[in-house]
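Worksheet for the structure shown next.
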Amino acid sequence: MQERFLLMIPGPIDFDPAVLRAMSAKTLSHMSVEFAEIFGRALENLRKVFLTEKGQPFVVAGSGTLAMDMAVANLVEPGERVLVLSGGFFGDRMADIARRYQAEVVVVKAPIGEVPSLEEAEKHLKQGGFKAITATHVDTSTGVAVDVKAVGELAQKYGALSIIDGVCATAGMEFRQDEWGIDVYLTASQKAIGVPPGLALLVVSQRAMEAYRKRRSPVLNYYGDFGLWLPVMEAYEARKVAYFATPAVNLIYALDVSLQQILAEGMENRFARHRLLAKAFQAGIDAIGLKQVPLREEIRAWTLTCAYYPDGIGPELLKAIKAEGVVVAAGLHPEIKDKYFRVGHMGTLTPGDVLTTLGAIERALASLGYRFEKGAGVKAAQEILCLTP
Ligand code: PMP
């Protein structure tokens, strides 16, 4: 297998070598004080990455879908109303999960490339009785970013809990859990958090933990029950041990290293880097002449770009880009699946990666006969990258 290629999909991403090395260390007993130190530090640092002081972190073996499942299963009881703001594939998944837990689900669906309408959401909320509002920070099927702060304000105004799917956003897009009053921010390890797939991560506000404690019925998901995990998370944070189900020890080593790297960069620097690199990459895609899925520039994600294939070219472009040494992802939104492709740009991403990817896309397009000014994409990106000191 060729090892020297760039993995530019929206997760898993190219991981930092130190993070990967951490995974190969000897597996400790999950009941050892040495492991408690590592896990405890990771839990504390997760709170810092989410910019919350009192949020309760949960780190559980599983993928992002488990984190979505846990948020809904723990905070919504059968018959309760949930307002799902859906921008595409993953918003729809949240609605499916809520239905599975017998919630009464109302969906505010965005047209492809737009954000779900907050005006429409408010009309529903005015009718009252919503336990929770959910939104996808960046819907990975469109590359559209939602104004999470505004969703938080809306939820608070109407006394609902806010549940935000940050899987394609966390540690890349700006997010401030306490300041924005978000109740649950959930994510997975394999994207901008920078850890191989296998961890579901959630940070839950004290208000939401209170709502959990007031439940009248048992959580309909045994493995994901907050009540079973809470003593475990509290124990590790106190540098003690406790058992409910075996933690993914080596992935937690990797999480510990990655969170330390993230905090060493600093959250503000990290947000700024993602914003700048996205701006450069997206300017490059515009300059090549490809239309992006987000309908407005202001709603483009900082972690992901979705662009339509030009006329006469289809998914064969992916193979041609791969032949140039960069792996990008196919379309995902069921309505436009074969009409566009996706490029993830988050985590360890450097300016060099942005230029390499644009260069590969240009050469691949040229090989398929697309006519454009060669180098235009790279140049547009450089114009932005060179502006910064
Ligand atoms: N939500 C979003 C926004 C995602 O991008 C993904 C994964 N691409 C998920 C949820 C589901 O995560 P996982 O594939 O890790 O279960």
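Laboratory data are not the source of any read-out in this text; all were calculated from the coordinates shown. Just so you know, these numbers come straight off a predicted model, no measurement behind them. Cβ atoms come from the backbone with ideal geometry, glycine included; neighbour counts cover every protein chain shown.
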Worksheet, complete the sentence: Dividing the mean separation of Cα pairs under 8 Å (6+ apart) by the residue count of region 93-169 yields a relative contact order in percent of 29 percent
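For V59, what charge total do you get from the other residues with a beta carbon under 13 Å from its beta carbon, if Lys and Arg give +1 and Asp and Glu give -1?
Numbers: positive: R41, R47; negative: E44, E234, E237, D256.
Surrounding charge for V59 is -2.
Using the Cα centre of the chain as the reference point, and only Cβ charges (+1 on K/R, -1 on D/E), how large is the resulting charge dipole? Debye, rounded to the nearest 20. The partial results should precede the final answer.
On the way: 42 positive and 44 negative charges, 54 e Å.
Rounded to the nearest 20 debye, it is 260 debye.
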Worksheet item: For region 289-335, what is the largest minus smallest coordinate of the Cα atoms on each principal axis, given in angstrom and ordered from greatest to least?
Response: 32, 24, 23
Worksheet item: What's the angle, to the nearest 10 degrees (0 to 90), between helix 33-49's Cα axis and the longest principal axis of the chain?
Response: 70 degrees
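Among rounded, prolate and oblate, which fits the chain when a ≥ b ≥ c are the square roots of the eigenvalues of its C-alpha gyration tensor, a/c under 1.5 means rounded, and a/b larger than b/c means prolate? Each step should come with its number before you reach the end.
Values: a/c = 2.03, a/b = 1.33, b/c = 1.53.
Oblate, since a/c reaches 1.5 and b/c is not below a/b.
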Worksheet item: Given H placed on each backbone N at 1.01 Å, which residues far from R81 in sequence or on other chains put an amide H within less than 5 Å of it?
Response: E104, K131
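Normalising by the residue count of the chain, find the relative contact order in percent from Cα pairs under 8 Å and 6+ residues apart.
Details: 831 pairs, mean separation 91.2, N = 389.
Once normalised by length, the contact order is 23 percent.
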Discussion item. On C-alpha positions alone, give me the angle between the axis of helix 376-385 and the longest principal axis of the chain, in degrees, nearest 10.
Written reply: 50 degrees
Item to complete: Show that you can apply the helix-only estimate: for the chain, add -39,500 (n - 2.57) for every DSSP H stretch of four or more residues, divide by all residues, and state [θ] at 222 nm to the nearest 500.
Response: -13000 deg cm²/dmol
Practice prompt. Please determine, in degrees from 0 to 90 and to the nearest 10, the orientation of helix 226-237 with respect to the longest principal axis defined by the Cα atoms of the chain, where the helix direction is its Cα long axis.
Written response: 80 degrees
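Using a Förster distance of 25 Å, how high is the FRET efficiency between S367 and A18, based on the Cβ-Cβ distance and rounded to 0.05? Could the numbers behind the result be given before it?
Working: r = 36 Å, r/R0 = 1.44.
Efficiency, rounded to the nearest 0.05: 0.10.
Below 8 Å between Cα atoms, with a sequence gap of 6+, how large is the relative contact order for region 1-132 in percent? Present the calculation step by step, with values, prior to reporting the outcome.
Working: 116 pairs, mean separation 23.1, N = 132.
Answer for region 1-132 is 18 percent.
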Fill in: Calculated P(r) of region 172-262 - Cα pairs past 19 Å, %
51 percent
Discussion item. From the convex hull of the Cα coordinates of region 261-389, what is the mean projected area in square nanometres?
Written reply: 8.2 nm²
Item to complete: For A323 paired with L263, estimate the spin-label separation in nm (one decimal), with each label point 7 Å from Cα along the Cα-to-Cβ line.
Response: 4.7 nm
Worksheet entry | Greater than 29 Å apart at Cα, pairs in K123/K191; K109/K291; K157/K214; K149/K374; K279/K319 | K123/K191; K149/K374
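Which order do the peptides 138-149, 18-29, 342-353, 184-195 come out in when sorted by mean C-beta neighbours inside 10 angstrom, highest first?
Details: 138-149: 26.7, 18-29: 14.3, 342-353: 20.9, 184-195: 28.2.
My ranking of the peptides, most packed first, is 184-195, 138-149, 342-353, 18-29.
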Fill in: Karplus (6.51, -1.76, 1.60) ³J(HN,Hα), θ = phi - 60°, over region 322-336, in Hz, Gly and Pro reported as x
4, 4, 8, x, 10, 9, 10, 10, 6, x, 9, 5, x, 7, 10
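By how many nm would the segment from K48 to E3 lengthen if fully extended, with 0.36 nm per residue of separation less the alpha-carbon distance?
Contour length minus the Cα-Cα distance gives 12.8 nm.
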Response to the item:
In this structure, the FRET efficiency calculated for R213 and R275 from their beta-carbon separation, with R0 = 41 Å, to the nearest 0.05, is 0.60
Discussion item. Check which residues have an amide H placed less than 5 Å from A330's amide H, if you skip close sequence neighbours.
Written reply: R342
Worksheet item: How do the peptides 296-304, 330-338 rank, highest first, by the average count of neighbouring beta carbon atoms within 10 Å per residue?
Response: 296-304, 330-338
Fill in: Charge dipole of region 272-327 about the Cα centre (unit charges at C-beta), most positive-ward option of I313, V293, T303
T303
Fill in: Cα-based equivalent ellipsoid, region 226-312: semi-axes from gyration tensor eigenvalues, Å
41, 16, 12
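Under the √(5λ) rule applied to the eigenvalues of the Cα gyration tensor, what semi-axes describe the equivalent ellipsoid of region 302-375? Give them in Å, descending. Walk me through the numbers before you get to the answer.
Values: eigenvalues 69, 58, 19 Å².
Equivalent ellipsoid semi-axes, largest first: 19, 17, 10 Å.
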Worksheet, complete the sentence: Scaled by the rule-of-thumb 2.2 N^0.38 Å, the alpha carbon Rg for region 137-183 gives a ratio of 1.11
Fill in: P(r) of region 5-69 over all Cα-Cα pairs, binned every 10 Å from zero, in whole percent
15, 37, 41, 7, 0
Worksheet item: For region 238-315 and region 333-363, what is the separation of their C-alpha centers, rounded to whole Å?
Response: 11 Å
